[in-house]
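Data block below; observations after.
The values are calculated or read from the model by the stated rules, or taken from the named source; none is laboratory data. Because the structure is a prediction, the values reported are computed rather than measured. Quick reminder, even Gly has a Cβ in these numbers, built from the backbone with ideal geometry, and neighbours come from all protein chains shown. With ligands, DNA and RNA removed, areas are computed over all heavy atoms of the protein, side chains included. Shrake-Rupley method; radii C 1.70, N 1.55, O 1.52, S 1.80 Å.
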Amino acid sequence: MKLIATIAWRNILRHKGKSLVIGIILFTGAFLMTLGNGVISGMARGIEKNIIEGFMGDIALISTAQKSDNILLNLMGASIEPINTYKKIKPVLAAQPFIKSFLPVGKNLSMVLDERSDTPGFAYLIGVDFAEYRKMFPDNFTVIEGSYPAPGERALLFPDFARGEFYRYYNVWFVPEGGGAVKANLSKEALADADHLILSSSAVLLGMSSGINTTNDIRFPVRGVIKYRALNQIFGHFCLVDIEAYRDCLGYFTAADMAAQVPKEEKKLLGLEGGDLDSMFGEEAMVVADYKKAPKKIAAEKAVPSDTEDGTYNVVFIRLVPGAGYDAALEKLNRDLAAAGTGVKAVPWNKASGPIGGMAVIIKGALFVFVMLLFSVAIIIIVNTLSMAAMERASEIGMMRAIGAHKTFIAGMFLGETAILSAAFGGGGIIAGVIAVRVIPLLRITTANDMLQILYGGNYFNPLLSVTGILLTVLQLALVTVIAAVYPMRVATGITPLDAISRD
Amino acid sequence: MDIINIKELKKDYPLGDTIVPALRGVDLTVAQGDFMSIIGPSGSGKTTLLNIIGCIDPATSGSVQVGGREITDLTDRQITEIRLNKIGFIFQTFNLIPVLDVLENIEFPLLLMKRSPAEARKRAEQLVEEVGLKDYAVHRPSELSGGQRQRVAIARALVTKPDIVLADEPTANLDSVTGASILELMKKMNELENTTFIFSTHDANVLKYACRIVKIKDGLIEKEPVAA
Ligand SMILES: Nc1ncnc2c1ncn2[C@@H]1O[C@H](COP(=O)(O)OP(=O)(O)O)[C@@H](O)[C@H]1O
Ligand SMILES: [Mg+2]
């Protein structure tokens, strides 16, 4: 062993140029591999934090009538079908040991109507029980102005990003009730116009839902302005509203309606297959926007229902307990939900988040392909260089074989050379990569691009390397070393003693 | 006792569509402790014969026994073991491992045999002295003259105390004075270590040293006039 190592080491020094070429390739490869792994892990964590932990959980339940699984951003698609069976769904979910928590929400698009503008804006609404929402997603946003609504309070939380967009297009700056414009929070455009800002502390929202005859325009008081922890350009479109007001707005049955015994025929309207959304945008539909006369105010005195869960929802978000088998959980859920006749199906988060989930998969795939490409190039160059080295040393190797060195000795010599180079340069590359992964988050490299934010794993570039990740890279490097050494080793062990003998 | 026993040895080399018969039925026995020279014109089959005895080229037919063991029909592992344990080689060129110094080159076969490093070093030091290169013990081959390299090769060939040392024109690349000194050294070591030497040469000096001369021509051994 020592003999092989000595010879291998001295051969490295003897062929400094070649060693350096291989070394640099190994260094670069290991460095990029480490960095790539870091970015992938950071991204995985970022997705987990941003989408799963912060927005929609691991699994979403949607109506079986729902055509598209994508429920995150579906401006032009069909609206999300109502779910009226939450009372049946809840016990099924509660019985699953792999479910950590779940939250039923209303989720659909609404028009934002404003007296000062003829064209309506749009906002995505999430209708929630504010207290329950906080429990499910504890820190996915901060209230930067105003306050978090009290339990049962009927109000609107307006996202900072959507506020900026609204200002850009409609010149209205939303502020919480009783509050003024906070200079530090003004968007660039609003700041330029700070002295003449038109402030508004309520918004008239008109629910958009296919399959329901009448949606209502409802004036919501803005209780607070929120900023999502990450991916503001995506999540920043979503306003949080009280579930009962949401149901009102969408023309769904509220829990209060249910308590007041809704006539049977009317009930049938709910849960109908989605009509086409185009009708919403048709001439007639637009006439609906006669909100100026009398937008329906949420009656403060309206009876608080005993159980909000009686009403209509669109989606149920589910968090799994850590380490739960994902596919098995999904399958079991779907089986149990079908058996219980709930009329809903469980879809994985990456399908439910539509293009974002898909994008994450694509980025992951691209990085994988990149690493594989890197591997192949590195292996090809190393194989070439080492095979040439083997051939150049044919006489020397043949002589060693003649005086009694076994094939294994020759193979060991080559593997040893590659292993030393790989350990030194590749190891160096991994260390450099780890340092880079550690240093990059400190630089707080930010991006406004939402897709990059997913890659970044948050609001700033935040690659992440676990010990397992590093070990994985070491393993990959070892694999590259062995693969790269196999062919040259075969060339070298194929050299016979006769090759050492020069005949004339 | 015969250390080598060759019967009806034939060796053909394919050359395109034809076959070159390099050895055409060689019978030869070599006694333990011989200092034997094979002479013959270029292309007569000297190298081929030595290579077959040295287990680095397989015979086409016939029988070759080295130290009483038939060497045709052995696996690569077995044949490598024989080369390591029973045979020492001195080649014309490319004798030494460039990255090892003189002592390391000499002890190399012992380390392949898994002898202890201390034992190997002791034996190598003894031999480096016997071949007169004590002062060059830590020099690399590239720092040595041709003659010095052959001295190292002789020491390395003898380090395992092999049954036979084979040398194919060991002096071919040396000037005549150096060549003579190498032959002299081989003879000395033959007496000192009682090792059988078989070597081919063109060197006229050989007659002075060899105790037995075998002439080969067109792949056949000419009748030996007298056994020495
Ligand atoms: N690898 C080979 N392929 C074809 N012919 C060969 C080969 N090696 C040797 N020969 C032929 O075999 C004969 C004997 O060669 P060799 O043993 O090298 O002779 P010597 O060493 O006496 O000069 C020559 O005719 C030579 O051309
Ligand atoms: Mg020859």
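See the values below:
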{"quantity": "Heavy atoms of A:D139: accessible area, 1.4 Å probe, square angstrom to 10", "calculated": "100"}
{"quantity": "Distance between the range B:89-127 and the range A:178-252 - C-alpha centres, whole angstrom", "calculated": "86"}
{"quantity": "Rounded Å value of the spacing that divides the Cα centres of the range A:323-365 and the range B:164-228", "calculated": "85"}
{"quantity": "Vicinal HN-Hα couplings computed from phi for the range B:146-154 (Karplus, 6.51 cos²θ - 1.76 cosθ + 1.60; Hz; Gly/Pro x)", "calculated": "x, x, 5, 4, 5, 5, 4, 4, 5"}
{"quantity": "Centre separation in Å (Cα based) which lies between the range A:466-504 and the range A:72-138", "calculated": "58"}
{"quantity": "Reachable aspartates and glutamates from A:K345, criterion Cα separation under 19 angstrom, eight or more residues apart if same chain", "calculated": "A:D58, A:D69, A:E81, A:E273, A:E309, A:D327, A:E331, A:D336"}
{"quantity": "Rounded to the nearest 10 Å², the accessible area of A:E392 at probe 1.4 Å", "calculated": "110"}
{"quantity": "Unit charges on C-beta of K, R, D, E only; dipole of the protein assembly as shown, Debye", "calculated": "1420"}
{"quantity": "Solvent-accessible area buried by pairing A with B, both sides, nearest 100 square angstrom, 1.4 angstrom probe", "calculated": "2500"}
{"quantity": "Measure of compaction for the range A:101-275 (Cα Rg per 2.2 N^0.38 Å)", "calculated": "1.06"}
{"quantity": "Percent carbon-and-sulfur accessible area, the protein assembly as shown, ignoring ligands, DNA and RNA, probe 1.4 Å", "calculated": "59"}
{"quantity": "Under the Karplus curve 6.51 cos²θ - 1.76 cosθ + 1.60, θ = phi - 60°, whole-Hz ³J(HN,Hα) for the range A:168-182, x wherever Gly or Pro sits", "calculated": "4, 9, 10, 6, 10, 10, 7, 9, x, 4, x, x, x, 5, 9"}
{"quantity": "Signed unit charges on C-beta, dipole axis of the protein assembly as shown, positive-most listed residue A:G54, A:I12, A:S68", "calculated": "A:I12"}
{"quantity": "Nearest-10 value in Å² for the accessible area of A:W349, using the 1.4 Å probe", "calculated": "40"}
{"quantity": "Restricting the range A:1-107 to trypsin sites (Lys or Arg not before Pro) in coil, as DSSP defines it, with at most 13 other Cβ within 10 Å", "calculated": "A:K67"}
{"quantity": "Debye, to nearest 20: dipole size of the range B:2-221, +1 on Lys, Arg Cβ, -1 on Asp, Glu Cβ", "calculated": "200"}
{"quantity": "Relative contact order, percent, chain B [alpha-carbon distance under 8 Å, six or more residues apart]", "calculated": "29"}
{"quantity": "Beta bridges by DSSP in the range A:101-275, antiparallel share as percent, to the nearest 5", "calculated": "65"}
{"quantity": "Nonlocal amide H pairs with B:K215, under 5 Å, H built at 1.01 Å", "calculated": "B:I39, B:E222"}
